[in-house]
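Step one of this worksheet: look at the structure below.
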Amino acid sequence: MTATTVVIGAGPGLGMSIAHRFGREGHAIALISRNGDRHPGYLASLASAGIEATSHPADVRDRDALLGALDEITARHGAVDVVYYGPGAADPAARPAPITETDVPAAQEAMSWVYPAIDAVRAVLPGMLERGHGGLLFAGGLSSVVPLPMIGNLALSSAALRNYAITLHAALADQGVYAGTLTIGGLIERGDIHRMFLAESDRLGGAAVGTLNPDDLADAAWDLYKNRDRAEATFNAFAS
């Protein structure tokens with residue numbers, strides 16, 4: 001039976017690199033993101049590589065829409081073997097609130113990107129535990145471990161998502177289900193955030209930051225899932 005990987009937060013950068021990387025390993029791919037207009041291009045790209053894929057447009061912060069998409073995927077593909085959760089705080093329209101000005105509403109807005117990860121895990125984890133295998137992969141920001149004041153309120157959600165992932169890793173280690181996270185500091189090439197910052201470089205507050213190849217990050221995600229020997233892979237393209 002073909003394994004199925006769900007890519008939540010599919011976009012032109014890391015999301016699609018994850019889809020291609022796991023697809024090359026024989027996984028069928030199910031794409032979830034809110035911009036369904038992009039999905040035909042994503043599906044065509046995967047099909048050209050010989051990868052089976054389906055499209056399930058949903059805003060991940062709409063709980064009913066996300067859970068509905070996951071139900072649809074299960075009905076279409078059967079059991080979900082891997083979930084990759086990549087939206088994080090990656091909404092190009094959201095400007096981080098400076099950490100010294102972060103208030104409760106700003107913190108709540110940032111944390112709203114963590115709750116869908118929990119919903120997704122709760123939807124698929126019981127089946128994974130019953131079968132004795134599966135994978136839960138997350139992508140978050142370097143601000144979860146390194147103080148980056150310009151990231152502001154988004155550092156709070158990054159830290160929460162990282163802690164969730166590595167705590168799941170510890171809890172599930174002897175149950176056949178892997179959990180791990182990519183901790184990413186830098187602009188991911190081909191992604192929406194990269195293009196946005198190229199157009200509005202002032203949004204980084206003058207900080208020097210390099211770029212990261214999403215294919216390298218996707219390779220790391222596959223290695224985490226395959227080898228299961230650590231909970232985290234960290235990438236730092238910020239200038240020292």
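Extension gain, Ala159-Arg122: 0.36 nm per intervening residue step, less the Cα-Cα distance, totals 11.3 nm. Name the residues whose placed amide hydrogens come within less than 5 Å of the amide hydrogen of Gly135, ignoring near sequence neighbours (fewer than 5 apart) on the same chain. For Gly135, the qualifying residues are Val82, Val83, Tyr178.
Residue separation of Ser112 and Leu67 scaled by 0.36 nm, minus their Cα-Cα distance, works out to 14.6 nm of gained length.
DSSP beta bridges fully contained in the chain are about 5 percent antiparallel.
Quick check: residue separation of Asp229 and Ala75 times 0.36 nm, minus the Cα distance between them. What number comes out in nm?
Separation in residues times 0.36 nm, less the Cα-Cα distance, equals 52.2 nm.
Note on the chain: helix-only mean residue ellipticity at 222 nm, from DSSP H runs of 4+ residues weighted -39500 (n - 2.57) and normalised by residue number, equals -13500 deg cm²/dmol.
Distant-in-sequence amide contacts of Ala3, defined by a placed amide H-H separation under 5 Å and a gap of 5 or more residues or a different chain, comprise Ala28. Could you please state how large a percent of the accessible area of segment 1-106 is carbon and sulfur, counting protein chains only and using a 1.4 Å probe? That share works out to 49 percent. Computed with a 1.4 Å probe over protein heavy atoms only, the accessible surface of segment 4-121 comes to 42 Å² per residue.
The label-point distance for Glu25 and Asp37, in a model that sets each label 7 Å from Cα toward Cβ, rounds to 3.4 nm.
The values are calculated or read from the model by the stated rules, or taken from the named source; none is laboratory data. Model, not experiment: these values are computed from the prediction. Because the Cβ atoms are built from the backbone with ideal geometry, glycine has one as well, and the counts that use them run over all protein chains shown. With ligands, DNA and RNA removed, areas are computed over all heavy atoms of the protein, side chains included. Shrake-Rupley method; radii C 1.70, N 1.55, O 1.52, S 1.80 Å.
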